[in-house]
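Below is one structure, written out as structure tokens, with a few remarks after it.
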Amino acid sequence: MTVRGIDHVGVTVPDLDAATEFFARAFGAEVLYDTLPRAQGPKGGWATERRLGVPQGTAEVAVRMLRLPNGPGIELFEFSGPRQGGAALPCDLGWQHVALYVDDLDEALRLVAEAGGVRLSEPVPLPGPESGERNRFAYCRTPWGGTVELLTYPDAQPYEKDTDLRRWRP
């Protein structure tokens with residue numbers, strides 16, 4: 001068995017079309033297909049509740065797969081039902097953010113803001129084993145509150161001196 005990498009990341013959003021527009025404008029994502037077109041939804045019941053581990057009465061309203069320019073996919077879910085909390089913050093348990101490698105961090109942050117996202121801080125240097133003169137990162141939020149980290153590391157990283165293993169390298 002070989003893990004080849006991340007195929008896609010699932011993101012629950014309040015409005016599928018608005019989220020599609022955000023990912024397209026901010027990150028150049030393209031629609032691959034609709035797994036559950038809105039006109040065919042909602043899809044609920046025991047099978048959905050059991051398959052996804054969601055509360056009774058929850059239904060998928062629409063599901064869409066996007067493609068980032070260099071992968072992975074972003075699978076957008078819009079749900080209806082009895083329970084839907086706000087977006088997880090990095091201090092909450094569970095998967096807490098998606099990190100995207102970008103070539104131009106400043107331009108990426110500009111596009112996030114134009115698309116309705118919010119920059120949480122100015123870019124800062126990557127620390128310790130990831131450091132390098134031009135290696136930087138910044139966090140931002142989607143319009144619905146999800147956390148996205150944008151990072152770039154064009155320079156060699158100190159950890160590379162101690163191992164032949166490498167993170168994904170553009």
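The values are calculated or read from the model by the stated rules, or taken from the named source; none is laboratory data. Please read all numbers here as calculations on a predicted model, not as lab measurements. No Cβ is skipped: glycine too gets one built from the backbone with ideal geometry, and neighbour counts run over all protein chains shown. For accessibility, only protein heavy atoms count, side chains too; no ligands or nucleic acids. Shrake-Rupley method; radii C 1.70, N 1.55, O 1.52, S 1.80 Å.
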Original post:
Quick one: Kirkwood hydrodynamic radius for region 9-72, alpha-carbon pairs, angstrom, one decimal?
Top reply: 12.8 Å
Subject >> 0 to 90° range, to nearest 10: angle between helix 16-27 axis and the chain longest Cα axis >> reply: 10 degrees
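For a quick check of your reading of the filter: which trypsin sites (Lys or Arg not before Pro) in region 62-117 sit in a DSSP loop and have no more than 12 other Cβ atoms within 10 Å? Mind showing how you got there, number by number?
Working: sites: 64, 67, 83, 110; in loops: 83.
Those that pass, being in a loop and sparsely packed, are 83.
Can you give the Rg to Rh ratio for region 18-170, taking only C-alpha atoms and Rh from Kirkwood? Spell out each step's value before the answer.
On the way: Rg = 18.1 Å, Rh = 17.5 Å.
Ratio value, two decimals: 1.04.
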Subject >> Tilt relative to the chain, helix 105-114 - C-alpha long axis, 0 to 90 degrees, to 10 >> reply: 30 degrees
Subject >> Protein accessible area in region 19-170, 1.4 Å probe - carbon and sulfur % >> reply: 54 percent
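Largest first, how would 140, 91 line up by accessible area (1.4 Å probe)? Write down the numbers at each step before the final one.
Details: 140 0, 91 110 Å².
Reading off the accessible areas and sorting them downward yields 91, 140.
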Original post:
Given only helices, namely DSSP H runs of n ≥ 4 each adding -39500 (n - 2.57), what is the per-residue ellipticity at 222 nm of the chain, to the nearest 500 deg cm²/dmol?
Top reply: -5000 deg cm²/dmol
Original post:
What accessible area per residue, rounded to a whole number of Å², is obtained for the chain using a probe radius of 1.4 Å?
Top reply: 62 Å²
**OP:** Could you go through region 38-47 in sequence order and give the Karplus-derived ³J(HN,Hα) for each residue, using 6.51 cos²θ - 1.76 cosθ + 1.60 with θ = phi - 60°, rounded to whole Hz, and x for Gly and Pro?
**Re:** 3, 5, 9, x, x, 10, x, x, 4, 4
